Every structure is written in C-alpha cells, then in structure tokens.
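These notes concern the structure reproduced below.
The values are calculated or read from the model by the stated rules, or taken from the named source; none is laboratory data. Just so it is clear, the structure is predicted and the values come from calculations on it, not from any experiment. A quick note on method: Cβ atoms are made from the backbone with ideal geometry, for glycine too, and the neighbour counts reach across all protein chains shown.
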C-alpha cells in the first residue's frame, strides 16, 4: 500500500541504462527487502527524457511514446519522481526497462514506500 510519508528505501538501488538513442535497455531485475510497491525514479541526464516501464514479466519491450503508444512513465531531465507499481518483495521480483530521447539514457530505480 502506498504511504503518505517521506520516501523510505526498502531495497537496493539499480541502474538501468540504454546505450543509444531510441534503443531500449536490457531488462533489469528489482527486488526489495520487504514488500513494497513504490519506486523512486531518478534521471541524471540534464537534457533528455527517460521513459520507464515496469513489469511483473521479464519478457517485454519498451518504446518511445512518440513512435508507438506504450505504458511508460516519463522522467524529465535532471529530475526524480515516485511512482506506484507492481508489488516487489524478497520473493517477488519486478522487472524494468528504459528508453530515452538521447544516447546513454540512464535511470536509477529504488524500491520503497512514500512520497
């Protein structure tokens, strides 16, 4: 359940990176120390958007929303946001992919709870 509190990290941060513009990253696995369903997304790029897709399956694709509509969360340049998604825990993984407007799209993802 989402909590109306400051964000509390409940798992390790992962780095998800796509090496070329308009190219999706590899699938990255996310686990948490205890059950949670919120994710802190951070885009360190100062000029390009990153588009994030989280899934309960490890077999999926992500595309830029301007070429093909997709269930992605845009993270603006040099910013962060907290989103609610599928539950993750020590026994239940979620999977993430990113794609970006520019080369070397990177997003740091931390599972947890809070705003």
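For region 11-24, filtered to residues that are part of a loop (DSSP other than H, G, I, E, B) and modelled with pLDDT under 95, the residue that is surrounded by the most Cβ atoms within 10 Å (Cβ to Cβ) is 24. Please verify whether residue 63 is modelled with pLDDT of 95 or more and either in contact with a strand residue (DSSP E or B) (Cβ under 8 Å, 6 or more places away or on another chain) or within 19 Å of residue 29 (Cβ to Cβ) (or both), treating the condition exactly as stated. Judged against the criteria, residue 63 is not a match. Residue count for region 1-28, restricted to those that are touching a strand residue (DSSP E or B) at 6+ places or on another chain (Cβ under 6 Å) and over 18 Å from residue 100 (Cα atoms): 8. For region 38-52, the set of residues classified as touching a strand residue (DSSP E or B) at 6+ places or on another chain (Cβ under 9 Å) and surrounded by fewer than 21 Cβ atoms within 10 Å (Cβ to Cβ) consists of 40, 42, 44, 45, 48, 49, listed by residue number.
Take the residues in region 53-73 that are within 13 Å of the chain's Cα centre (by Cα) and surrounded by 15 or more Cβ atoms within 10 Å (Cβ to Cβ), then tell me which one is nearest to residue 19 (Cα to Cα). Checking each candidate, the answer is 62.
Just to be sure before I move on: is residue 106 part of a strand (DSSP E or B), buried (at least 16 other Cβ atoms within 10 Å of the Cβ), touching a residue at least 60 places away in the same chain (Cβ under 8 Å) and touching a strand residue (DSSP E or B) at 6+ places or on another chain (Cβ under 7 Å) in the structure I sent?
Yes, satisfied.
Residue 41 meets each of the listed conditions (1) outside any loop (DSSP other than H, G, I, E, B); (2) modelled with pLDDT under 95 apart from (2).
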